[in-house]
Amino acid sequence: MKKIFCLLFLAMSLIGVKGYSQHVLKAVILDEETQAPVPYATVHNELNYAISNDDGGFYIESTANPLTIECLGYETLKTSFTELKGKSKIYLKPKTFELEAITLTAGDPYTLMKKAAAKWYALSPHKERFFMRGLLRKNGEIEKLIDLTGKIEKNTLFSMEGLSTPKDNYRIELENARLASVNTSKKYYIKMMNFEGLLNSVASPWTPADKYSHTYSSGNDSLSAKLDFAFKDAKKKNEKGHYLLKKGQYTFDQLYLTFNNPDGQLMPFGPNLKTRTLKFEKRSDFALNEATGKYQLSKAYYYHKVEVVSKEGTDVFDLYYFYTAEPLPSEEPVTANVSAKMDMFQLKRAYNPEFWEHTDILLLTDEMRAFIDKVNSSKEPRSISNFK
């Protein structure tokens, strides 16, 4: 009998649909200094928007000429279709931060950030329209791919002192799904994360001062700042990251956290199975809902690398999630039709070719397209796909 276990993992500002338009742009966004792709940057104007994929690639159409390209941690680029015509590469300049001499006291930046969270973040019921992508690789090869869209109602964004996350915090109305998978193991099955576990993980922003050190630095403009953190006992837990802050207000636009564990101990997981986490990483972006004056989760990336040792040998799994959302008005109905506690790969809907054909918010990479073609042409009974 196969052993089933979960990889606790993750991984739109605006949800858009492609339409007929005058201006068209397909390009790759790169870091100006490193030349590396910039994933999950937002490309938008007042009418349309898109998000760059893992390769930095995006596609956008619009009848409006102006374009804004932005990604937290980079300088915002104000440009236009006209200026970018014929360009296949677009470069973003990283922001720089300088250390400031600050003595951590009762009014230190982390304490001020916690106080700001109680005032500025959506700790009461709120709604969003979302796009979510999940991807599982085994030894570098894709095994599962899923895209989901719909609406979600959250009772609270995250827990904090005096406010716990309700047992049933999420109500989800799934509208569209496309998926493809193949299971190459005969001994075990990798279970995808559920919405509840994913959103609880990426939304949780806390790094308590008794366990983490914090270092404040000022941005190269008058508005931004950065608060780096690291686990105090690095031998016990090699975990670090940062918050990107609004200077003076101490609200955080981004949380980034990474945990490396290459020498971690293998732990038994039932008979004949051992596992260990090799790496964990998450990035959560928060944006102000102008209608409510509260910050909500706008984009999140989650990555979990796990080693599995079985009778079949040693395998390494990489699990990714990307979530993006835009606020919905409070009167927008959300009719729950799936469970937030269910494996995302079990949240099936009929494939809607018209919807997916006209949706380019997050492009499929060439690797993903090749995987879909492979699954669709396979006669292997453990292969599943609803892509047409």
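Bear in mind that the values in this text are calculations on the coordinates, not laboratory data. Worth saying up front: this structure is predicted, and the values here are computed from it rather than measured. Glycine gets a Cβ as well: all are built from the backbone with ideal geometry, and neighbour counts include every protein chain shown.
Note on the chain: antiparallel DSSP beta bridges, both residues inside, total approximately 90 percent of the bridges counted. Taking the fewest neighbouring Cβ atoms within 10 Å as the starting point, the ordered list for F355, F269 is F355, F269. Among T275, T76, sorting on how many other beta-carbon atoms sit within 10 Å of each Cβ, with the fewest leading, yields T76, T275. Which of rounded, prolate, oblate describes the stretch 237-289, given a ≥ b ≥ c as roots of the alpha-carbon gyration tensor eigenvalues and a/c under 1.5 marking rounded, otherwise prolate only if a/b is larger than b/c? Cα axes put the stretch 237-289 in the prolate bin. Neighbours of T165, meaning other residues whose beta-carbon lies under 15 angstrom from its beta-carbon, give a summed charge of 0 when Lys and Arg score +1 and Asp and Glu score -1.
Can you give the FRET efficiency for T365 and E33, using 1/(1 + (r/R0)^6), R0 = 25 Å, r = Cβ-Cβ distance, to the nearest 0.05? Efficiency at R0 = 25 Å is approximately 0.60. What is the Cα centroid distance between the stretch 114-145 and the stretch 278-332, reported in whole angstrom? Each part's Cα centre sits 4 Å from the other's.
Of the options (i) 161; (ii) 183; (iii) 139, only one is volume of the Cα convex hull per residue in Å³ as computed from these coordinates, and that is (i).
Computed extension length for T111-S378: 90.6 nm, one decimal, from 0.36 nm per residue of separation with the Cα-Cα distance subtracted. Look at where the Cα atoms of the stretch 190-261 and of the stretch 22-46 average out, and the two centres are 25 Å apart.
Classify the stretch 282-388: rounded, prolate or oblate, from the alpha-carbon gyration tensor (a ≥ b ≥ c, eigenvalue square roots; a/c under 1.5 rounded; otherwise prolate if a/b is larger than b/c)? It comes out prolate by the Cα gyration axes.
Positive contributions from Lys and Arg (+1) and negative ones from Asp and Glu (-1), summed over other residues with Cβ under 11 Å from the Cβ of T335, come out at -2.
Within the shell of other residues whose beta carbon sits under 14 angstrom from the beta carbon of Q265, the net charge comes to +3, with Lys and Arg scored +1 and Asp and Glu -1.
Computed from the C-beta positions of S222 and K85 and an R0 of 35 Å, the FRET efficiency is 0.55 to the nearest 0.05. A straight Cα-to-Cα reach below 17 Å connects K311 with the lysines K2, K3, K138, K186, K187, K274, residues fewer than 8 places away in its own chain not being considered. By the beta-carbon count within 10 Å of each Cβ, the least crowded to most crowded order of V338, V28, fewest first, is V28, V338.
Inter-label distance, E354 to Q249: 4.1 nm, where each label sits 7 Å from its Cα along the C-beta direction.
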